[in-house]
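Written below as structure tokens is the structure these notes are about.
The values are calculated or read from the model by the stated rules, or taken from the named source; none is laboratory data. What you see is a predicted model; the values in this text were computed from it and never measured. Backbone-built Cβ (ideal geometry, glycine too); neighbour counts: all protein chains shown.
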Amino acid sequence: MTTDSPDPRRPVFEVDGLEVRFRTGEGVARAVNGISFSVHPGERVAVVGESGCGKSASLLAALRLLPSPPAQVAGRVLLDGTDLFALNARELNDVLGRDVAMVFQDSLSSLNPVLRMGRQITEGVRRHEGLSKKDARAYATELLTRVGVPDPAQRVDQYPHQLSGGMRQRAMIAMALAGKPKLLIADEPTTALDVTVQAQILDLVRGLEDVAIVWVSHDLGVVAGLADRVLVMYAGYIIEEGDVGSVFHRPRHPYTRGLLNSVPSFRDADRSRLAAIPGLPPTLTDLPAGCPFYDRCELREPRCSAQMPPLTTVDGTQRAACWVTAAPLEVAS
Amino acid sequence: MTTAADTPTTSTVPSRTGLVLRGSLAAVRSDAALVIGCAVVLAWVVIALTVPLWKPFDPVGFQDLAGRLAPPGGTHWFGTDNLGRDVFSRVMYGTRLTLPIAIGAVTIAVCWGCLVGAVAGFAGGLVDEVVMRLSDIFLAFPAMVLALAIAAALGPSGKNVVIAIAAVTWPEYTRLMRGQVLSIRNNLHVTAAESVGCSRSRVFWRHVLPFGLPPIVVKATVDLGMAILLAAGLSFIGVGAAPPAPEWGAMVSDARTRMDQWWLGLFPGLAILSIVLAFNFIGDSLRDRFDPRMRTQRRRGGSSASMLRRLLLPSARKADA
Amino acid sequence: MGLLRFGVRRLLLSLPTLFGLLVITFLLTNYLPGDPLARLLGDRAGSNPQIVAAYRAEWGLDRPLYAQFATYLGNLLTGNLGQSTLSQRPVAEDLTNYLPATIELTICAITVAGVLGLVFGIVAALFHRRWPDVAVRGLALVASGVPVFWMALVSLQVFYLGLGWVPGPEGRLGRGVEAPPRVTGAYTVDALLAGRWSVFGDAVYHLILPSIVLGMFFLGLLARITRASMLEALQAPYVVTARSKGISGFALVRVHVLPNALIPTVTVLGLAVGGLLSGAVLTETTFSWPGVGRYAVDAARALDFQAVLGVTLVIGTIYVVTNAVVDILYAALDPRIRLGG
């Protein structure tokens, strides 16, 4: 469901100033550095960025799924108004799997190899609702039908390794939908699948109703086909956000431009070399005080290395964090 | 594998030996278990080599019947046995019997086992089948039982103990080596070597073997400990070195009938324990070092950090699938 | 593939190994250095031509090799394992007398060490890097390096001579305690079957220390492997998935971690039986336990080759069969193996 104007209803997911650091042998890695965003009911938001930019870390941390001794999490996360960080363990378990659910990338290692599919799909729901075994199995079969798994009655009793990659990913989606969540967080669920299967899964997800989706990806094509809004992350910061159309057609941040440029196209003038952003992302244990993209940026200026630019509105709902292309003329909101 | 000679570009590229040396020094500094293990083994080796020079008493010849079965104290640090011999000297001399047996047996087992395994891996087909069946059969016997049978059949002596232990130990090296050969053969660098015309033996010695060695080295280290246990066990039973040789196992056996004289059995056993543990320490450290996955877990932050790594990096997660 | 088919296939696969076992024992029996007959029969019998001739006939030593082997096999099938020079009884008879004691001891050792090893390993993993973990790892380390015959001795000195908590090395029952009527040969089982509670108690009392000593090695090994596989399972991605569904704590460990973690530990069982049978040889001697281990040791000392080889054959066979059973058990637990993936 696409909306053109900002949704006045209360956001179903609000992240405010989320920070994640973790202790490693080489120092403290600043994986997520104060990001804030909201997701409205029924909205599709994509989070885009390279490996290690903090997209997975931020979402896992938001749901308190990161082990806390090595990870230090700060900030505020509201799910439908409830502060997730203020819940005790039992309350958190009530929320997870019911109001919010996650779909992971590698379905083979994300599923328990010794449990049958039906059991895994309804495990959370059985805990929350107290379904009987028989009802749970029927519900699992119904869910598998809904996500388009052929022969669901047979698949329900099978083990994960007996299903193909595409079927397993559908089953993971079924598992996430079991609790009828308001928010579905998908962490690169189609990255490991081949293109045709990926397209089918995307069709399935596009057809889901009454659920907001946060979709993490590094594949811009997938994002374009699925999302209403997109957040671009780099080195633990959100450096650009806005409607998919605006960001993809009129990218502001040099990194976003670089990303979009690197997507090869038949219409490229020079088809002999692939365009790439030179250099490598900074190491998270050694982030600079200023803009983390400084070393690789064509438009850099001295002031960029001094201070991290804030996210500034550039056009309607589109915001970017860049001193050069999105200079704050007014106080950023 | 490039060496300094092959990279003409920059002179800052360190040579391979330099890297290995520095790596080993760093390893020794950071790994307490490895250090302790090596120290203990080294100590025993030194003892084995030098004890004739500094022995307090002759382990066999010195017999003080008047002072027999004396508890530890005074000049006899470990007490005296039923013939008045000094237990301390006998324990120290025991290394001269045990260490050569263990080293000899493991060396034979490793050489023979690896050779056979490599041949099986390279030749394939019927040769492979025959070799694997043969090693299965040897593995079908519990170690002590087979070693006992062989040693008994051949007659009690140090040499036969070596043969018995080697016979029990070689099959696992065959399997290990064969497995390594089979998996390394398919590596790209081997194909590259073969494609430029390297002879099969050169491919084996210079391209396959160096990569197959780490698990074999680890196992050999641990097996040195196992061999000592086996040798001591065999002499405990009485099919090892003949008395009055100061073999540790035999000394413990003698102590069985004199349980009140606790020092007779305690010290030889502690000697065995110390050296076997030392070999286990070394083997464990080497194994951790050679396992690339474990390497990331060794740094501070430990396994939780690697778990995070696995969660957060899609490439890392894929590797686990 | 189904468990039954897998099981049958696996058992059939052990047949060649068993055959090879027979060949080796045969060769060892008949091709010892020196004069085989003299060694096999012992000095006294070996110098008596009549006995020698009778032996030749019984084992077909005059005939070609394959015929000898055939005779050997034939003899085996009728339960003829030769005559023990030490006991002057057929080896098969001796084994039937002594085997139950070893099996009883081994099963006790596996049970005690198995339960403790699993518990220690699980606890160590759940308390990773805290003191229970360190303690368990230390224990496992020592257990893997301590010579079992020495530990038997020292434990007797401490717990029997020193503390008086357990009986001394007097065998399976105390002096004056009568063995229960033989049904299985295991005194504990037989005593229970006959309702002789005090005999049962005495038998258990005598089993305690030998079982623990014998099982030490297995305990250490099992604790280490359980700990390692628990740690791996605890970090597995499917645990995160389960967490995201709101599963945590005991339910998480019970349903997701343990079943996956315990599968590799089953493979230890096969190794364990081998180690236990090896260790039995050494432990039984120290505790005067009348099992095949002590029998083998006495026979080896007395150069009683028929007996030694008979024991080797029987123990080897037990080991091969046990390994096959363990493989089947492994397949039963891991659907990926059973269903062929």
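Scan region C:278-298 and give yes if some residue there is in a helix (DSSP H, G or I), touching a residue at least 12 places away in the same chain (Cβ under 8 Å), more than 14 Å from chain A (Cβ to nearest Cβ) and within 30 Å of residue C:9 (Cα to Cα), otherwise no.
No, there is no match, as no residue in region C:278-298 is in a helix (DSSP H, G or I), touching a residue at least 12 places away in the same chain (Cβ under 8 Å), more than 14 Å from chain A (Cβ to nearest Cβ) and within 30 Å of residue C:9 (Cα to Cα).
What number goes with the only condition from (1) in contact (Cβ under 8 Å) with a residue 12 or more places away in the chain; (2) within 26 Å of residue C:173 (Cβ to Cβ); (3) surrounded by 19 or more Cβ atoms within 10 Å (Cβ to Cβ); (4) within 10 Å of another protein chain (Cβ to nearest Cβ) that residue C:320 does not pass?
(2)
Filter region B:223-242 down to residues that are more than 8 Å from chain C (Cβ to nearest Cβ) and crowded, with 20+ Cβ neighbours inside 10 Å, then give me how many there are.
Residues flagged as more than 8 Å from chain C (Cβ to nearest Cβ) and crowded, with 20+ Cβ neighbours inside 10 Å within region B:223-242 amount to 11.
Just to be sure before I move on: is residue B:134 more than 15 Å from residue B:109 (Cβ to Cβ) and either over 24 Å from the mean Cα position of the chain (by Cα) or buried (at least 16 other Cβ atoms within 10 Å of the Cβ) (or both) in the structure I sent?
no
Going residue by residue through region B:243-250, is there one that turns out to be within 14 Å of another protein chain (Cβ to nearest Cβ) and at pLDDT below 80?
Yes, some residue in region B:243-250 is within 14 Å of another protein chain (Cβ to nearest Cβ) and at pLDDT below 80.
Among the residues of region B:280-309 satisfying the criterion of being surrounded by fewer than 24 Cβ atoms within 10 Å (Cβ to Cβ) and under 17 Å from residue B:228 (Cα atoms), which is modelled with the lowest pLDDT?
Of everything passing the filter in region B:280-309, B:283 is modelled with the lowest pLDDT.
Quick check on this structure: which one of A:300, A:257, A:273, A:267 is surrounded by 16 or more Cβ atoms within 10 Å (Cβ to Cβ) and either part of a loop (DSSP other than H, G, I, E, B) or in contact with a Gly (Cβ under 9 Å, 6 or more places away or on another chain) (or both)?
Numbers: A:257 fails: either part of a loop (DSSP other than H, G, I, E, B) or in contact with a Gly (Cβ under 9 Å, 6 or more places away or on another chain) (or both); A:273 fails: surrounded by 16 or more Cβ atoms within 10 Å (Cβ to Cβ); A:267 fails: surrounded by 16 or more Cβ atoms within 10 Å (Cβ to Cβ).
It is A:300.
Filter the helices (runs of 4 or more DSSP H) completely within region B:87-204 down to those with at least 3 residues that are in contact (Cβ under 8 Å) with a residue 12 or more places away in the chain, away from every other protein chain (no Cβ under 14 Å) and under 30 Å from residue C:305 (Cα atoms). Break it down into steps so the answer makes sense when it comes.
Details: elements: B:87-123, B:125-139, B:143-154, B:158-185, B:188-195.
Output list reads B:87-123, B:158-185.
Inside region C:299-312, can you point out the residues that are more than 9 Å from every other protein chain (Cβ to nearest Cβ) and in a helix (DSSP H, G or I)? Explain how you work it out, then say what you get.
Taking region C:299-312 as the starting set, the residues that turn out to be more than 9 Å from every other protein chain (Cβ to nearest Cβ) are C:302, C:306-307, C:310.
If the condition is that a residue be more than 9 Å from every other protein chain (Cβ to nearest Cβ) and in a helix (DSSP H, G or I), then C:306, C:307, C:310 are the ones that fit.
Considering region C:121-154 alone, what residues qualify as being more than 11 Å from chain B (Cβ to nearest Cβ) and either surrounded by 14 or more Cβ atoms within 10 Å (Cβ to Cβ) or of a type in the set (Phe, Trp, Tyr) (or both)?
The answer is C:121, C:122, C:123, C:124, C:126, C:127, C:131, C:132, C:133, C:135, C:136, C:139.
Among the residues that make up region A:47-54, is at least one of them within 30 Å of residue C:336 (Cβ to Cβ), at the interface with another protein chain (Cβ under 10 Å from one of its Cβ atoms), in contact with a Leu (Cβ under 7 Å, 6 or more places away or on another chain) and part of a loop (DSSP other than H, G, I, E, B)?
yes
Given the conditions (1) in contact (Cβ under 8 Å) with a residue 60 or more places away in the chain; (2) within 14 Å of chain A (Cβ to nearest Cβ), which single one is not true for residue C:216?
(2)
For the subset of region B:106-120 comprising residues that are under 12 Å from the mean Cα position of the chain (by Cα) and surrounded by 21 or more Cβ atoms within 10 Å (Cβ to Cβ), which member is farthest from residue B:177 (Cα to Cα)?
The selected residue is B:106.
Looking for whichever is crowded, with 24+ Cβ neighbours inside 10 Å and away from chain C (no Cβ under 11 Å) here; the options are A:136, A:140, A:101. Which one fits?
Result: A:140 is the single residue among A:136, A:140, A:101 that is crowded, with 24+ Cβ neighbours inside 10 Å and away from chain C (no Cβ under 11 Å).
Can you confirm whether residue A:224 is surrounded by fewer than 24 Cβ atoms within 10 Å (Cβ to Cβ), in a loop (DSSP other than H, G, I, E, B) and touching a helix residue (DSSP H, G or I) at 6+ places or on another chain (Cβ under 8 Å)? I'd like the intermediate steps shown before the answer.
Details: surrounded by fewer than 24 Cβ atoms within 10 Å (Cβ to Cβ): yes; in a loop (DSSP other than H, G, I, E, B): no; touching a helix residue (DSSP H, G or I) at 6+ places or on another chain (Cβ under 8 Å): yes.
The answer is no for residue A:224.
If you check A:86, A:57, which single one turns out to be at the interface with another protein chain (Cβ under 10 Å from one of its Cβ atoms) and out of contact with any Ser or Thr (no Cβ under 9 Å at 6 or more places or on another chain)? Lay out the reasoning, then the answer.
On the way: A:86 fails: at the interface with another protein chain (Cβ under 10 Å from one of its Cβ atoms).
Of the residues listed, the single one that is at the interface with another protein chain (Cβ under 10 Å from one of its Cβ atoms) and out of contact with any Ser or Thr (no Cβ under 9 Å at 6 or more places or on another chain) is A:57.
When you check residue A:10 against the structure, is it surrounded by fewer than 16 Cβ atoms within 10 Å (Cβ to Cβ) and either among the hydroxyl-bearing types (Ser, Thr, Tyr) or assigned to a loop (DSSP other than H, G, I, E, B) (or both), yes or no?
Considered against the rule, which asks whether it is surrounded by fewer than 16 Cβ atoms within 10 Å (Cβ to Cβ) and either among the hydroxyl-bearing types (Ser, Thr, Tyr) or assigned to a loop (DSSP other than H, G, I, E, B) (or both), residue A:10 comes out as yes.
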